[in-house]
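Reading through the C-alpha cells given below for one structure.
The values are calculated or read from the model by the stated rules, or taken from the named source; none is laboratory data. Every value quoted in this text rests on a predicted model; they were computed, and no experiment measured them. With ideal geometry, Cβ positions are generated from the backbone for all residues, glycine too; neighbour counts draw on all protein chains shown. Heavy atoms of the whole protein, side chains included, go into the accessibility calculation; ligands, DNA and RNA do not. Shrake-Rupley method; radii C 1.70, N 1.55, O 1.52, S 1.80 Å.
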Amino acid sequence: MILTNPTHNPNLRSWVESANQPNTDFPIQNLPFGVFRPQRSAQTPHIGVAIGDQILDLYLCCKAGLLQELPEQVQLACAESNLNQLMAMGNEVASMVRHHLSHLLQWDEQSPPAAPEILIPMSNVEFLLPASISDYTDFYASIFHATNVGRLFRPDNPLLPNYKYVPIAYHGRASSIVPSDTTIKRPKGQIKKPEVPAPIFEPTQMLDYELEVGFFIGVGNELGHPIPIDHAEEHIFGLCLVNDWSARDIQAWEYQPLGPFLAKSFATTISPWIVTLEALAPFRCPSFKRTQDDPLPLPHLSSTLNTEAGGFDIVVEVLLSSIQMRAAGMEPLCLSRGSFKQMYWTPAQMLTHHTSNGCNLCPGDLLASGTVSGAEQGSFGCLLEITQRGTQLVELPTHEIRSFLCEGDEIILRGYCEKAGYVRIGFGECRGVVL
Ligand code: CA
C-alpha cells in the first residue's frame, strides 16, 4: 500500500497557472500519465503528464535534459511512444518519476520555471491508447449492478450463488479498445424477439453504455505464479475510466451459457489519463462492508490490509448530450453519480483472483471493474438499470426521450476524488459519440 508523501502536500503550487485552479482535475498532486500527439498529425506519439490544462511532454523533457537525474533506463522509457516499458519497471520507478516531475513543476521563488516549450496545450492534441493492451478482462464487481441486472434477466433468481465467493469476470476483446473521442458504430447482431420463434440479424435497438473503472497492470507475473493479495497492488500501475459499450438485445440472446461475446466486443472506450495508485493514496477507503448474512471471502482473497484500505473513494458520473442539446448549446445531462467505494470486490481481490490459477498478467493489460452502480436510484451505471430494460424512459432537457442510445448521442464519463485536507484530483473525461 502506497502512503501519502510530500507529492500530496496540499500547499504545493505549480508554475503552470491552470494547475492551481480549485476545480482542475490535474493539479500538481495528481500527475497522471497518458499518450498523445498533435491533432491531425502522423507524428510519433509521446508520453505526457497532465498538469492543469497543459501536458508536460516527457519526450521533450528528455531531449532538454530535464530528466537527467533519473536512471538512463527510466529516461528511455519516458521517451517511448507508449507506457508499456515504464509500467513494466514497477511502481517504485513510477514513483521516482512522479517525485521528479513534482519537483520540476513546482512553483518556487528561488528557481525560475523550466522552459515553456515542454508544455503542450491539452486542447491541441489527439489522445491515443496509453499502452499497447495485449489482454483485457472485464469484471462484474458491483453487487448492486449484478442484482439489478440479474433481476431483469432472471426475476426469480437475480444473484447467482457464486457471486459472493468469485469475483466474476469474462475475457474481453483488447483489439476493440479505443481512446476517448472515437466514434462508436452501432453494431449489428442476432436479436431474438419474444414474439417470433427465430432470431433476426439487424442493428441493435438497445445500445447502452457501462460506467466502469479500469486498472492497468504494471509489473506482470510469471505463468504458474499467483500473486498473493497483499502484493496485488504492486502490480497495478494506475486507474482510468472505462465505457464498456453494450448491445443489450444481442447480449440477452447470446449470453447463456458462456457469457457476453459480440454484445460487448464491438467497442470499449477508455479515458486518456492513467491516475497512479500513488496519486490515489489519500483517497483509499475500506473494502465493501459485508453483512452478517454474507460469507467471508475465501482466505486467499482476504487480508487485513485489503479490508481496511483496499477500496478507492472515487466519485464517478455519466453525462449524456444529444444532437439537439448540443445544437441548443445545452450542458450535458447528468444521468447518474456513484462511488467506486461501493464495489463488492476491490481491485486487489480482482487481480488476485485473476492470477490465482497461475494465469499470467502482462504490463499494459487492462482489467475493468464492471459497471459501477450503487444501491440508490441515481447511482446506476448503465441505461439497462436506469430504464429497467427500456420500460422507464429518461427525458432530456429538450423533451426528447431515451430508453437506450440514439444516433448522435454523446456519452461522457467523469471521475474525481475529494477529501478534506487534500487537493481534489480528477480523471478527466471519457467520451464517445454513437453513429
Ligand atoms: Ca462490463
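For the chain, the calculated P(r), taken from all Cα-Cα distances in 20 Å bins from zero up to the bin holding the longest distance, is 26, 57, 16, 0 percent.
Comparing Lys264, Lys419, Lys188 in a Gaussian network model of the chain (Cα springs below 10 Å), the most mobile by mean-square fluctuation is Lys419.
Applying the criteria of a DSSP loop state and at most 14 other Cβ atoms within 10 Å to the GluC sites (Glu not before Pro) of the stretch 187-270 yields Glu195, Glu222.
Averaged over its residues, the chain has an accessible area of 43 Å² per residue, based on protein heavy atoms and a 1.4 Å probe. The angle separating the long axis of helix 91-105 from the principal Cα axis of greatest extent in the chain is about 60 degrees. The helix-only estimate of mean residue ellipticity at 222 nm for the chain, built from DSSP H runs of length n ≥ 4 each weighted as -39500 (n - 2.57), is -4500 deg cm²/dmol after division by the residue total.
Charges on Cβ only, +1 for Lys and Arg, -1 for Asp and Glu, centred on the Cα centroid of the chain; of Leu101, Ile250, Gln85, which one is farthest towards the dipole's positive end? The listed residue farthest towards the positive side: Ile250. The overall shape of the stretch 346-424 is prolate: from the C-alpha gyration tensor, with semi-axes ordered a ≥ b ≥ c, the ratio a/c is 1.5 or greater and a/b exceeds b/c. Pairs of Lys residues in the chain are counted when their Cα atoms are under 28 angstrom apart and they lie 8 or more places apart or on different chains; the count is 12. Note on Leu262: accessible area is roughly 90 Å² with a 1.4 Å probe, heavy atoms of protein only. Largest first and in whole Å, the equivalent-ellipsoid semi-axes of the stretch 6-128 read 21, 18, 14, each the square root of five times a Cα gyration tensor eigenvalue.
Tell me whether the stretch 294-435 comes out rounded, prolate or oblate; compute the Cα gyration tensor, take square roots of the eigenvalues as a ≥ b ≥ c, and use a/c under 1.5 as the rounded threshold. Judged from the Cα gyration tensor, the stretch 294-435 comes out prolate (a/c at least 1.5, a/b above b/c).
Between amide H atoms placed 1.01 Å from N, distances below 5 Å from Val35 occur with Gly48, Leu128, all of them 5 or more places distant or on a separate chain. Here Ser132 sits with roughly 70 square angstrom of accessible surface, probe radius 1.4 Å. Remark on Ile168: its backbone amide H falls under 5 Å from those of Tyr140, a criterion applied only to residues 5 or more positions apart or on other chains, H modelled at 1.01 Å from N.
Build a GNM of the chain with springs between Cα atoms under 10 Å: which of Leu393, Leu384, Leu83 gets the top mean-square fluctuation? Of the options given, Leu393 has the highest mean-square fluctuation. Ranking of Met330, Met206 by solvent-accessible surface, largest first: Met330, Met206 (1.4 Å probe, protein heavy atoms only, all chains present). Comparing Trp273, Trp107, Trp345 in a Gaussian network model of the chain where C-alpha atoms under 10 Å apart are linked, the largest mean-square fluctuation is found at Trp107. With every protein chain present, what accessible area does Met122 have (1.4 Å probe, heavy atoms only), rounded to the nearest 10 Å²? Approximately 40 Å² for this residue.
Let me make sure I get this right: for the stretch 71-195, a, b and c are the square roots of the gyration tensor eigenvalues over alpha carbons, sorted descending. Under 1.5 in a/c it's rounded, otherwise prolate if a/b > b/c, else oblate. Which is it?
On the way: a/c = 2.74, a/b = 2.16, b/c = 1.27.
Cα axes put the stretch 71-195 in the prolate bin.
Taking only protein heavy atoms and a 1.4 Å probe, the accessible area of the stretch 94-147 is 57% carbon and sulfur.
Which sequence of Tyr416, Tyr344 reflects their accessible areas, 1.4 Å probe, from the largest down?
Ranking Tyr416, Tyr344 by accessible area, largest first, yields Tyr416, Tyr344.
Considering only alpha-carbon pairs that sit under 8 angstrom and 6 or more positions apart, the relative contact order computed for the stretch 136-433 is 27 percent.
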